[in-house]
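All remarks here apply to the structure that follows.
The values are calculated or read from the model by the stated rules, or taken from the named source; none is laboratory data. Since this is a predicted model, take the numbers as computed values, not measurements. Backbone-built Cβ (ideal geometry, glycine too); neighbour counts: all protein chains shown.
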Amino acid sequence: MKKKEIISRSIRRSGHPAARLITLRQVISGIVFIGFVLLFLGGEKLSVFLAAILPPFQLMPALIRSITQPAALFIAGLMFIILITLIFGRVYCSFLCPLGTLQDIVTVLARRTGRKPAYAFSRPQNILRYTVLALTVAALFTGILWLANLLDPYSFTGRIFSHFFQPLLVWSYNLGIILLRPLNIFLYPKQTASIPLPDMAIAAFFLLTILYLSVKYGRLYCNTLCPAGAFLGLLSHVSIFRLALSKERCSKCNRCESVCKAGCINPQTASIDMSRCVGCCNCLDACSMSAINYRLAWRRTKSTSWSPARRGFIFGSFAVAGTLLAVFHRDIRNVAGIVLASSDPPVTPPGSLNVERFSQTCTACCLCVTACPTSVLTPSFLDYGPVGLLQPKMNYEKSYCDYECNVCGKVCPTGAISRITLADKKLTQIGEAKLRKDICVVYVNHNNCGACGEVCPTHAIRFTDRENILYPEIDKQYCIGCGACQLACPTTPRSIVVHPHPVHKKADKYIAPKPTADSKKPSDKDFPF
Amino acid sequence: MTTSDKFSRREVLSKGLTLGLMAGGILILGKPDFLIARDRPSAIPDLVAVRNGEPDVMFKKAVELMGGMNLFVRKGQTVAVKPNIGFPRVPEVGATTNPLLVKSIVESCYAAGAKRVYVFDNVVTATSGNTRNCYRLSGIEQAAKAAHGIVVPMDDFSYRKVTIPGGKTLKTVEVHKLILDSDVFINVPVLKHHSSTHLSIAMKNLMGIVKNRMEYHLTGLDQCIADFCLYRKPDLNVVDAYRVLMSNGPAGPSNPQYANVQMKKTLLMSKDIVAVDAAAAKIFGKEPEDIGYIQIAHRQKTGNMNLKELKIVTFTM
């Protein structure tokens, strides 16, 4: 009776440090999550702005960027993530990870609808998670990104936005436009990328599985398949601040265990597995006896197990990671990537420099897909070969690359698409249009068509007049492979198709003939009729 | 009051009866304008050409020479104004219709009593050409809105399929509902060079009201452009030849500095779409017979390209 009273009082006490910690977590993770929503769905300007702020503090982009194209902010972000983990444990998973927050939101919603899962302590799936981590890292360092692409929580969250939320938003917006038309209100319709079915299926499968697991078992994904979680788990083995469960004060009420999403508290042995704790602080608030404390490691209670084997494992992992970093060199890294790359890769966006570099740097977060104003960037499935599963490509069947746009390079977090100036983009030959005169209607039917020439932004298509019929020819030195002509071509199959350059080239600048001097003045004395 | 001014009862009765019968008869015939604003075909010029003025001033003069906007727009009617907004270009490039002209047309439609005036075009998408870019850069959105025109962006779901009577190549076509449903259709093309058809003028501008324009390209541009006019001709064509793009059309360079434009400062107006195209071709410096679709449309009796046979009123400001 007395115990129950204490418990109920403990739940209602406000202003308790633990409650404040939870509020802090909710506020920060909420802000970060809204930031991610706006990053992916907020439109071009907001995306470019937020892309400079949020991704540097995401583990995978920060890691890849720091390795491939070191930039101050990304290195700082990586150091920050490692530092806070070494100090506070895996708070990253509860404060900064958008997928973590998404799981928390869904769990809260599930609770509101009456499902009140009581989590329970579970054994750590060490073999599974460290194998996944080791494989991901090994693959990453040999130039294969598909494991990282599939499992990285940031990239996966990106795909949830690009594959589901953006199409949904655009479709509803366009539906709204149709409904407003009878009222004589006319708005500009929006575009969205077409997502290949396998990509959609993979994203849906992962999303449903993760959300089901999180509602039912808590952060199981984070402690089994998530490579970021496993990596930070390794670090938090040695974190300075740790949660400790005092055996003396514990009343074995198991309340902490039932609120622990990570399933890492075992009240029976009074142990907390910090490598799995996601730092949500729920247990601190739940414990009526104040038996759980968050404090400096050297004051930790004796009950926390200390195993020489585990320490060896930790140091071993660091040694392996260090060695890999040390031997990290383009040529070594690319071995597997080159072997497994597709022999017929698609066109890659301007700024990606070459297919190899792109497919070994992109984690398929699809931020470029949501930001691309013409939706020419669409996710691929196996176009890059097993190396670059799900990575975006230039899809010229549905759209074209806008001559006046370089947004993809401005938002790409991993540097797979580097930021190039608009002037450079206009001369970057990502592919080359080739004309098939055997099926082009002008050559076959001797009728005027000229659709390709109308839309070519670089004067790469020139017309020769023979008996008042205008025959197209390609000046390939001006072609930048934007795909406008391919989109405009009315024949099936298209008579003009962009062929990818595995290594991007530089196009010649078209110099327009100077307008004649008198062109600004009226040339005619009178009407010609 | 003198006696001569007085009406006898008989006179009043008979005159009143006659007037009443006349009014009734006119009402029954449904042509009250028979007496009031009678169309005198001989009085309306086939083509009006004005030069050496600003676009809006030239338009007002041309309308005046034509016989007034009331000839084309009546009270309570809806009007569809179709300029060329096909490309994301500033007005200085000469690839799009002059915004000042569009504004002036919208204003004069409302002045003639129009209920609603819509302004729209189907943009050529593959040239950084989302509708928003084209409408804004061309200055037409702002200009039309300033005159209370209703600016309608293009989409894929506002078209209806129609059959073209006597179409040789183009048999059916999906036309924008606004054209089909509006009472008056005013075509406001810009005269410019065109890489596929030599010139883009009034008939070519009508490709912007259909959805399956790629069918034109596929089956032969010139014939299809001419065929469409068998279905629907605009009620009035106003050709903007103020700033004429002489090469690299239809898009022209994005930087107006490199645009090869000539200040022709001319405006053409006609109900005859073939005649107006023929006159514009001459202004550009080409012969109408050399432009495929003009020749075909003339042959198909859509209009007359022989300018010598037409009543042309010219005016130099």
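Data table
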| read-out | value |
| --- | --- |
| Given (1) within 30 Å of A:Tyr400 (Cα to Cα); (2) aliphatic (A, V, I, L, M); (3) without any contact (Cβ under 8 Å) to a residue 40 or more places away in the chain, index of the condition A:Ala203 fails | (3) |
| Qualifying positions in the stretch A:170-186 - buried (at least 16 other Cβ atoms within 10 Å of the Cβ) and either in contact with a helix residue (DSSP H, G or I) (Cβ under 8 Å, 6 or more places away or on another chain) or more than 14 Å from chain B (Cβ to nearest Cβ) (or both) | A:Phe186 |
| Criterion: facing chain A (nearest Cβ under 10 Å) and among the acidic types (Asp, Glu) - qualifying residue of B:Asp277, B:Asp272, B:Asp290 | B:Asp290 |
| The stretch B:144-184, residues that are in a loop (DSSP other than H, G, I, E, B), under 21 Å from the mean Cα position of the chain (by Cα) and away from chain A (no Cβ under 12 Å) | B:Ala147, B:Ile164, B:Ser182, B:Asp183 |
| Top-ranked residue of the stretch B:296-317 - restricted to ones that are of a type in the set (A, V, I, L, M) and either surrounded by fewer than 18 Cβ atoms within 10 Å (Cβ to Cβ) or closer than 17 Å to B:Lys271 by Cβ (or both), ranked as farthest from the other protein chains (Cβ to nearest Cβ) | B:Ala297 |
| Near pairs, Cβ below 6 angstrom, 6+ apart or cross-chain, from the stretch A:125-143 (within 11 Å of A:Cys226 (Cβ to Cβ) and surrounded by 15 or more Cβ atoms within 10 Å (Cβ to Cβ)) to any residue that is at pLDDT below 90 and not aromatic (Phe, Trp, Tyr) | A:Thr136/A:Leu147; A:Thr136/A:Ala148 |
| Any hit, the stretch B:132-142, residues being more than 23 Å from B:Arg89 (Cα to Cα) and away from chain A (no Cβ under 12 Å) | no |
| Contacts under 6 angstrom Cβ, first residue in the stretch A:461-489 being facing chain B (nearest Cβ under 8 Å) and touching a residue at least 12 places away in the same chain (Cβ under 8 Å), partner surrounded by fewer than 19 Cβ atoms within 10 Å (Cβ to Cβ) and not in a helix (DSSP H, G or I), 6 or more apart | A:Leu470/A:Phe463 |
| Considering residues of the stretch B:227-261 that are part of a helix (DSSP H, G or I) and over 28 Å from A:Cys405 (Cα atoms) only, the residue farthest from the other protein chains (Cβ to nearest Cβ) | B:Tyr231 |
| From B:His148, B:His217, B:His194, B:His198, residue being in contact (Cβ under 8 Å) with a residue 12 or more places away in the chain and closer than 30 Å to A:Pro182 by Cα | B:His148 |
| Any hit, the stretch A:122-135, residues being in contact with a strand residue (DSSP E or B) (Cβ under 9 Å, 6 or more places away or on another chain) and over 26 Å from A:Gly43 (Cβ atoms) | no |
| Output for the stretch A:447-460, where each listed residue is at the interface with chain B (Cβ under 8 Å from one of its Cβ atoms) and of a type outside the set (Asp, Glu) | A:Asn447, A:Asn448, A:Cys449, A:Gly450, A:Ala451, A:Gly453, A:Val455, A:Pro457, A:His459 |
| Residue within the stretch A:62-69 that is surrounded by fewer than 21 Cβ atoms within 10 Å (Cβ to Cβ), modelled with pLDDT of 90 or more and not in a helix (DSSP H, G or I) present | no |
| Pair list, Cβ < 9 Å and 6+ apart or interchain, from the stretch B:77-96 residues that are on the phi > 0 side of the Ramachandran plot and crowded, with 24+ Cβ neighbours inside 10 Å to residues that are part of a helix (DSSP H, G or I) and not charged (D, E, K, R) | B:Gly94/B:Pro256 |
| Criterion violated by A:Asn448 - all others in (1) buried (at least 22 other Cβ atoms within 10 Å of the Cβ); (2) in contact (Cβ under 8 Å) with a residue 40 or more places away in the chain satisfied | (2) |
| Residues satisfying the stated conditions in the stretch B:185-226, i.e. outside any loop (DSSP other than H, G, I, E, B), crowded, with 24+ Cβ neighbours inside 10 Å and within 7 Å of another protein chain (Cβ to nearest Cβ) | B:His217, B:Leu221, B:Asp222 |
| In the stretch A:490-508, the residues that are within 13 Å of chain B (Cβ to nearest Cβ) and either assigned to a strand (DSSP E or B) or within 31 Å of the chain's Cα centre (by Cα) (or both) | A:Ile496, A:Val498 |
| Conditions (1) buried (at least 18 other Cβ atoms within 10 Å of the Cβ); (2) at the interface with chain A (Cβ under 10 Å from one of its Cβ atoms); number of the one not met by B:Glu107 | (2) |
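Every residue, every condition in (1) part of a helix (DSSP H, G or I); (2) of a type in the set (Val, Ile, Thr), yes or no:
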{"residue": "A:Thr107", "(1), (2)": "yes, yes"}
{"residue": "A:Ala139", "(1), (2)": "yes, no"}
{"residue": "A:Ile144", "(1), (2)": "no, yes"}
{"residue": "A:Leu150", "(1), (2)": "yes, no"}
